[in-house]
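Take a look at the structure set out below.
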Amino acid sequence: MPAYFWPEFAILSVAGLIGVICVMPYTLELTGAAFQKALERTHQPRWVLVLLQVVQSSILVIAATGFGLLIARHIGLGVPLLEGLLAGKNVTSPALAMIGPALILGIASSSVMLILEIVLFWPRLPRSMREDAPIPALWKRLLASVYGGIDEEILLRLFLLSLLAWLISLVWHNSSGMPTVGALWVANIIAAVIFGLGHLPATAALAKLTPLLICRAILLNGIIGVAAGYLYWRYGLEAAMLAHFSADIVLHGIGDSIAARIRAGWTSARVSRSVP
């Protein structure tokens, strides 16, 4: 175990905790009805349930950080910029090399997701999702992007993709014992599909799950998942985090604002039709 492991673990864990706290206002608004039912069922103060949710999510992220770092190290993956800084190296060149691809793939992925959502899925969504689902304030959506960029990448890339790649490499590896490019792509796609499926509980809270909604969750979230996974094993976790964060900024900042404007137009049209 390298000397910088514990500082690296501590930094990522604290970053993950910050991400969990940042996403809470967004999550509480999206799950307001379910959260209210939980309050009535448990008879606990609101702050107690919020604290329990933060603690539960933080424990999961911290565990994923520790195991992810250990597994990634065995297959040549990890957090190279942070590791370089902790080892006293100059990381300017690799940092500059990854910024462009990360931003391009992040923004391009989110743009494709928006186009597919608007053109393909939006007209077919149930009314409860198109018209009734809450759209949190912009500041809540932007804070949620911090969670996506940090915590989801720790969970899905540093831990899950590394674990899958290590398991696959037991039977599909190169002469050095490391996973082949093919093994990394298989692990990447599986992790991206799981990432998409992980969004289904939030969807189920708004509407009954259908094959269309399941495909939507896997396809749309899988796009950024595959892009982030590629960046992870090509440049490191920092590149995946930057891509995911930039994608969420586009989706939450622009996409949700477009949805809010569309809804406002529908409401205005209904009001106009109802006026004699």
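Here ALA38 fulfils each of the conditions (1) within 21 Å of HIS199 (Cβ to Cβ); (2) surrounded by fewer than 16 Cβ atoms within 10 Å (Cβ to Cβ); (3) within 21 Å of the chain's Cα centre (by Cα); (4) not charged (D, E, K, R) apart from (3).
The set of residues in the stretch 124-147 that are outside any loop (DSSP other than H, G, I, E, B) and among the small types (Gly, Ala, Ser) comprises SER128, ALA144, SER145.
You will find that of ALA192, ALA165, ALA204, the residue that is touching a residue at least 12 places away in the same chain (Cβ under 8 Å), more than 20 Å from ARG73 (Cβ to Cβ) and of a type in the set (A, V, I, L, M) is ALA192 and no other. Looking only at residues of the stretch 131-175 that are over 22 Å from GLY198 (Cα atoms) and among the polar types (S, T, N, Q), we find that the one that is nearest to the chain's Cα centre (by Cα) is SER169.
Among the residues of the stretch 136-157, which ones are of a type in the set (A, V, I, L, M, F, W, C) and buried (at least 16 other Cβ atoms within 10 Å of the Cβ)? Scanning the stretch 136-157 gives LEU142, LEU143, ALA144, VAL146, ILE150, ILE154, LEU155, LEU156. Screening ILE223 against (1) under 18 Å from ALA72 (Cβ atoms); (2) touching a residue at least 24 places away in the same chain (Cβ under 8 Å) leaves a single unmet condition, (1). Contact map, the stretch 6-35: first residue closer than 23 Å to LEU200 by Cα, second residue among the charged types (D, E, K, R) and buried (at least 16 other Cβ atoms within 10 Å of the Cβ), Cβ cut-off under 8 Å, separation 6 or more or different chains; pairs are GLY16/ASP151; GLY19/ASP151; VAL20/ASP151; VAL23/ASP151; PRO25/LYS140; TYR26/LYS140; TYR26/ARG141; GLU29/LYS140. Please enumerate the residues belonging to the stretch 74-99 that are outside any loop (DSSP other than H, G, I, E, B), over 20 Å from the mean Cα position of the chain (by Cα) and surrounded by fewer than 16 Cβ atoms within 10 Å (Cβ to Cβ). Result: HIS74, THR92, SER93, LEU96, ALA97. A Cβ distance below 7 Å, combined with a sequence gap of six or more or placement on separate chains, defines the contacts here; from the stretch 116-128, residues that are closer than 16 Å to ILE214 by Cα and buried (at least 16 other Cβ atoms within 10 Å of the Cβ) reach residues that are modelled with pLDDT of 85 or more and among the aliphatic types (A, V, I, L, M) in the pairs GLU117/LEU220. Pairing each residue of the stretch 38-61 that is under 29 Å from PHE9 (Cβ atoms) with any residue that is acidic (Asp, Glu), provided the two are 6+ apart or on different chains, yields C-beta distances under 6 Å for VAL61/ASP151. For the stretch 104-119, the condition holds for at least one residue, the condition being that it is modelled with pLDDT of 95 or more and touching a Ser or Thr at 6+ places or on another chain (Cβ under 6 Å).
The values are calculated or read from the model by the stated rules, or taken from the named source; none is laboratory data. These numbers come from a predicted model, not from an experiment. Backbone-built Cβ (ideal geometry, glycine too); neighbour counts: all protein chains shown.
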